Amino acid sequence: MQIKKTNQNDIETLMQIRLEMLRIVNNMNVEDDFDKTLVECSREYFLNGDQTTVFAMDGDKIAGCASLSYITVMPTFDHPTGKRAHLMNVYTRAEFRRRGVGKMMVEYLIEEARSRGVTEISLDATQMGHPLYKSLGFNDNGAGMNLSL
């Protein structure tokens, strides 16, 4: 299994696997359409967003993908660079699950974040993903709040 950092030449494959993952996570049928804004903004983000996305490759087959979105906020004592990241879309195709694919992708992205001076990575974990993130050192954080607009 190899990790491949994606680039603009991978846009069609990125879009395909993102929509595949969203269908599964949201229990959508194959014939269900996606909101056009979601599709257009996802494409724009992969092309121009401050992010790193990787594929896990088994030969020429994509076993999974994962993304890290970079965020810069005001520096604090705990995070003097102000550089943070949010882990998203960690997805392993069913036939490759339970083989360490997700862990390999997340470990790669953690090192990528370190190399960019990131001091904190956040994520929103599903129940299925929770054990993986705990094993990699992520902690539950009940301190945060949010407001949906």
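May I ask you to list the residues in segment 24-42 that are of a type in the set (Val, Ile, Thr), in a helix (DSSP H, G or I) and loosely packed, with under 10 Cβ neighbours inside 10 Å?
Selection gives THR37 alone.
For segment 1-19, enumerate the residues that are touching a residue at least 24 places away in the same chain (Cβ under 8 Å) and either loosely packed, with under 10 Cβ neighbours inside 10 Å or assigned to a helix (DSSP H, G or I) (or both).
Step one: list which residues in segment 1-19 are touching a residue at least 24 places away in the same chain (Cβ under 8 Å), which gives 1-6, 8, 10-11, 13-15, 17-18.
Scanning segment 1-19 gives GLN8, ASP10, ILE11, THR13, LEU14, MET15, ILE17, ARG18.
Of everything in segment 66-91 that's aliphatic (A, V, I, L, M) and assigned to a loop (DSSP other than H, G, I, E, B), which residue is least open to solvent (accessible area, probe 1.4 Å)?
Filtering segment 66-91 for residues aliphatic (A, V, I, L, M) gives 66, 68, 71, 73-74, 85, 87-88, 90.
Adding the requirement that they be assigned to a loop (DSSP other than H, G, I, E, B) leaves 73-74.
Details: VAL73: 59, MET74: 158 Å².
So, considering only residues that are aliphatic (A, V, I, L, M) and assigned to a loop (DSSP other than H, G, I, E, B), the one least open to solvent (accessible area, probe 1.4 Å) is VAL73.
Answer yes or no: is there a residue in segment 41-54 that is in contact (Cβ under 8 Å) with a residue 12 or more places away in the chain and touching a Cys at 6+ places or on another chain (Cβ under 7 Å).
yes
Report, by residue number, each residue of segment 78-91 that is over 16 Å from GLY64 (Cα atoms), within 12 Å of the chain's Cα centre (by Cα) and not aliphatic (A, V, I, L, M).
If the condition is that a residue be over 16 Å from GLY64 (Cα atoms), within 12 Å of the chain's Cα centre (by Cα) and not aliphatic (A, V, I, L, M), then HIS86 is the only one that fits.
Considering segment 92-131 alone, what residues qualify as being assigned to a helix (DSSP H, G or I), modelled with pLDDT under 90 and within 15 Å of the chain's Cα centre (by Cα)? Explain how you work it out, then say what you get.
Residues of segment 92-131 that are assigned to a helix (DSSP H, G or I), as a first pass: 94-96, 101-115, 130-131.
Narrowing the set further to residues that are modelled with pLDDT under 90 leaves 130-131.
Selection gives HIS130 alone.
The values are calculated or read from the model by the stated rules, or taken from the named source; none is laboratory data. Predicted model only: the values in this text are computed from it and were never measured. Cβ coordinates were reconstructed from backbone atoms using ideal geometry, including for glycine residues, and neighbour counts include every protein chain displayed. Calculation scope for accessible area: heavy atoms of the full protein, side chains included, ligands and nucleic acids excluded. Shrake-Rupley method; radii C 1.70, N 1.55, O 1.52, S 1.80 Å.
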